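Here's the structure we're looking at; comments come further down.
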Amino acid sequence: EEAQKAKTLIEQKYRGESETTASDYKLDAQVGVDGTIVKVEWSANTDKVSIGTEMDEYGQVTVKVTKTAEEVSYVLTAKIYDSDRNCLETTFNRKIPAYKLYNWEQYLAAEDGEVFSIEGIVTSIWGKSLGNTYNGMYVQDLENKGGYYVYGLTSDAAAAGVKAGMTVSVTGTYIKNYVEL
């Protein structure tokens with residue numbers, strides 16, 4: 001029963017997420033069920049995705065995604081173990097989009113929901129480690145034609161050692177006319 005409840009929780013959490021995994025991301029490696037911690041082991045059926053085994057302070061593992069010139073479809077598998085080591089499995093279809101490095105003009109012409117990468121020089125950083133509510137940064141285009149606000153970072157760039165003046169590559173989903181209230 002523990003494993004079935006944990007499987008249901010994992011499916012509810014990860015079924016609704018985007019299938020596109022353009023950059024590294026996190027997955028729950030344990031789930032709390034009725035006061036019991038249920039272990040979750042993740043795997044993927046491609047060498048373009050590697051899943052760490054060390055949990056962070058939130059009980060999550062890091063999934064590293066290899067950027068490729070071609071789109072890669074893969075299956076992410078969760079093995080859920082109860083206290084008696086009984087195992088249930090569930091799978092999720094995912095894909096790594098083809099790596100596309102955009103220049104400033106291509107960025108301006110992008111459509112909502114388009115996944116791509118940009119490169120530029122970090123000019124400003126905000127993060128939780130700096131007392132901010134959100135993690136993000138401002139990146140100046142390498143040709144000095146414009147800049148990019150980078151929102152929704154899953155990790156704190158400042159805490160990871162990113163500093164103003166560094167050249168970075170950022171992969172994400174384009175959101176036109178973003179307004180935060």
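The values are calculated or read from the model by the stated rules, or taken from the named source; none is laboratory data. A quick note: this is a predicted structure, and the numbers were derived from the prediction, not measured. Ideal geometry is used to build each Cβ from the backbone, glycine not excepted, and the neighbour counts take in all protein chains shown. Note: areas computed on protein heavy atoms with side chains; ligands, DNA, RNA excluded. Shrake-Rupley method; radii C 1.70, N 1.55, O 1.52, S 1.80 Å.
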- Using the Kirkwood radius over Cα pairs, work out the Stokes-Einstein diffusion coefficient for the chain at 20 °C and 1.002 mPa s, in µm²/s as a whole number. 118
- Size of charge dipole - the chain - debye, nearest 20, with Cβ of Lys, Arg +1 and Asp, Glu -1, no other charges: 180
- Against the longest principal axis of the chain, how steep is helix 2-15, in degrees 0 to 90 to the nearest 10, with axes from Cα atoms? 20
- Message: What is the percent carbon and sulfur in the accessible area of the range 56-181, measuring with a 1.4 Å probe over the protein chains and ignoring ligands?
- Response: 49
- Query: Using helices alone, what [θ] at 222 nm do you get for the chain, with -39,500 (n - 2.57) per DSSP H run of 4 or more residues, divided over all residues and rounded to the nearest 500?
  - Reply: -3000 deg cm²/dmol
- Message: Using a Cα-Cα cut-off of under 22 Å, which lysines could be cross-linked to K145, ignoring same-chain neighbours fewer than 8 residues away?
- Response: K100, K163, K176
- Task: Consider just the alpha-carbon atoms of the range 41-128 and return their Rg together with their Dmax, both in angstrom.
- Result: 17.6, 57
- Calculated SAXS-style log₁₀ I(q)/I(0) at q = 0.12, 0.19, 0.24, 0.25 Å⁻¹ - the range 97-160, Debye, Cα scatterers: -0.33, -0.78, -1.04, -1.08
- Can you work out the accessible area per residue across the chain, with the rest of the protein chains kept in place, probe 1.4 Å, in square angstrom? 59
